[in-house]
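> Got a structure here, written out as structure tokens. Questions coming.
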Amino acid sequence: MDFHKQEQEQPVVLITGCSQGGIGHALACAFAAQRCTVVATSRSRSSMGDLDQNPRFFLQELDVQSDESVQCVVNNVVQRYGRIDVLVNNAGVQCVGPLAEIPLSAIQNTFDTNVYGSMRLVQAVVPHMASRKKGKIVNVGSIIAMASGPWSGAYSASKAALHALTDTLRLELSLFGIDVVNVVPGAIKSNIGNSAIATYNRMPEWKLFKPFESAIRERADLSQGPKSTPSDEFAKNTVAAILKTSPPAWFSYGHYSSIMAIMYHLPICVKDFFLRRAMKC
Ligand SMILES: NC(=O)c1ccc[n+]([C@@H]2O[C@H](COP(=O)([O-])OP(=O)(O)OC[C@H]3O[C@@H](n4cnc5c(N)ncnc54)[C@H](OP(=O)(O)O)[C@@H]3O)[C@@H](O)[C@H]2O)c1
């Protein structure tokens, strides 16, 4: 087969949230290393500047909260490549604070990005995949949805919602030849801790929960400890799973992923005991 034809047959992968230092960026590089054509997107092109000169990447600005932005990027990709083979809904934000006091606008922003943002991309991309009876949709969930504990309730709930939506999508979209994969990271090195602390610094002062302020703040970068899994290791294994002819419905990888899978099956009183201790609650 000639080189040009081979290149045309490589999967076209669209990924959200590809800022340097994060999981999306590592996934973009891992897909490119498998000779995929990668549409790397983020809210600002400058956050992916290091990918600019590499011909494997097509860089686009995309805000998952905007209908216009999503439609514009999907149209650009279909116009340029004629198809989207893989969509990776990776963009996401953490949200830390006690549920009884956290501003509703912060909870809404978390769901607007993690849940509705992913659904916005799904709805924009599915017609193109369905017309070819082919495609893969990958939603990036979280192991935190397996055991929702104190101080990150909004984030855990958004990921639990995404897991449930992913389960439904897998069944509904199989009718159109589209595979749906729930990628469930453990604790992975990224910018998520720093972003969460920046958001946390804008929260109002807690009232009832003021005595727990330092425990709550610590929750913001819990995933960024010394044993967190490097994002390139996570990405390499995840991409290998996604590119299989029959990808798994669930792919979990990274520090804490086994512990959290066990936690899911524990009786509630045992789970609460561990979570109280871990979160100083
Ligand atoms: N790291 C972990 O331990 C871990 C564990 C479980 C699940 N996850 C999930 O993995 C995914 C990637 O997170 P990460 O750890 O790589 O965090 P990260 O380094 O903070 O990356 C998050 C990415 O999402 C982007 N983003 C945020 N809001 C957006 C919006 N409205 N539109 C488009 N992009 C937006 C960010 O863009 P900006 O740079 O512009 O903010 C950034 O590129 C998230 O869904 C996260 O929930 C991470």
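> Only one residue in Ser66, Ser46, Ser42 is within 13 Å of the ligand (Cβ to nearest atom) and crowded, with 16+ Cβ neighbours inside 10 Å. Which one?
Ser42
> Listed residues Tyr200, Tyr253; which is in contact with a Lys or Arg (Cβ under 8 Å, 6 or more places away or on another chain), of a type in the set (Phe, Trp, Tyr) and in contact (Cβ under 8 Å) with a residue 60 or more places away in the chain?
Tyr200
> Just one of Met146, Met119, Met129 is surrounded by 22 or more Cβ atoms within 10 Å (Cβ to Cβ), within 15 Å of the ligand (Cβ to nearest atom) and aliphatic (A, V, I, L, M); which is it?
The conditions single out Met146.
> Give the residues of the stretch 187-232 that are assigned to a loop (DSSP other than H, G, I, E, B), in contact with a strand residue (DSSP E or B) (Cβ under 6 Å, 6 or more places away or on another chain) and within 10 Å of the ligand (Cβ to nearest atom), sorted by residue number.
Ser228
> Let me ask another. Kindly provide the set of residues from the stretch 97-111 that are surrounded by fewer than 16 Cβ atoms within 10 Å (Cβ to Cβ) and under 18 Å from the mean Cα position of the chain (by Cα), ordered by number.
Of everything in the stretch 97-111, just one residue is surrounded by fewer than 16 Cβ atoms within 10 Å (Cβ to Cβ) and under 18 Å from the mean Cα position of the chain (by Cα), namely Gln108.
> Also: For the stretch 184-239, which residues satisfy the criterion of being of a type in the set (A, V, I, L, M, F, W, C) and within 16 Å of the chain's Cα centre (by Cα)?
Val184, Ala187, Ile188, Ile192, Ala196, Phe234, Ala235, Val239, listed by residue number.
> Quick check: is even one residue across the stretch 215-229 touching a Lys or Arg at 6+ places or on another chain (Cβ under 6 Å), buried (at least 18 other Cβ atoms within 10 Å of the Cβ) and not basic (Lys, Arg)?
Looking for residues that are touching a Lys or Arg at 6+ places or on another chain (Cβ under 6 Å), buried (at least 18 other Cβ atoms within 10 Å of the Cβ) and not basic (Lys, Arg), one finds at least one in the stretch 215-229, hence yes.
> Could you check how many residues of the stretch 152-210 are closer than 29 Å to Thr229 by Cα and among the aromatic types (Phe, Trp, Tyr)?
Looking only at that region, the number is 2.
Since every read-out is calculated from the coordinates, none of them should be taken as a lab result. This structure is a prediction, so every number in the text was calculated from the model and none was measured. Cβ atoms come from the backbone with ideal geometry, glycine included; neighbour counts cover every protein chain shown.
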